[in-house]
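S.K.: What follows is a structure written as structure tokens; I'll ask about it next.
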Amino acid sequence: AARAVALLLLASPSALGAVAKDEITALPGWAGPLPSRHYSGFVPLDGGRNVHYWFVESEHDPATDPVVLG
């Protein structure tokens, strides 16, 4: 169940309401704006556990490009 929740969030963060607090706007060693939008955060699970996710939108066309899970 935890993996399914994480996969759903990864597959469609905007559909599930990716929040501004989870957006990454800078990375160490990267000068200037990022080439795509990044999100990182935790999905709460039952029992007080959390699953971490990191989502990177496509640099080409995030609305139509496929999502790759790794």
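S.K.: Which ³J(HN,Hα) values, rounded to whole Hz and listed in residue order, are derived for the stretch 41-50 from phi using the Karplus coefficients 6.51, -1.76 and 1.60 in 6.51 cos²θ - 1.76 cosθ + 1.60 with θ = phi - 60°, glycine and proline given as x?
M.R.: x, 10, 9, x, 10, 4, x, x, 8, 9
S.K.: Out of residues 5 or more away from residue 37 or on other chains, whose amide H comes under 5 Å of its own, with H placed 1.01 Å from N in the peptide plane?
M.R.: 57
S.K.: Taking amide H positions as placed in the peptide plane 1.01 Å from N, state which residues far from residue 51 in sequence (5 or more) or on other chains have amide H under 5 Å from it.
M.R.: Close amide H contacts, sequence-distant or interchain: 43, 45.
S.K.: Calculate the spin-label point distance for residue 31 paired with residue 19, positioning each point 7 Å from the Cα along the beta-carbon direction, and give it in nanometres.
M.R.: So the label points at residue 19 and residue 31 sit 3.5 nm apart.
FYI, it's all coordinate maths here, none of it is from the lab. None of these values were measured; they are calculated from a predicted model. A quick note on method: Cβ atoms are made from the backbone with ideal geometry, for glycine too, and the neighbour counts reach across all protein chains shown.
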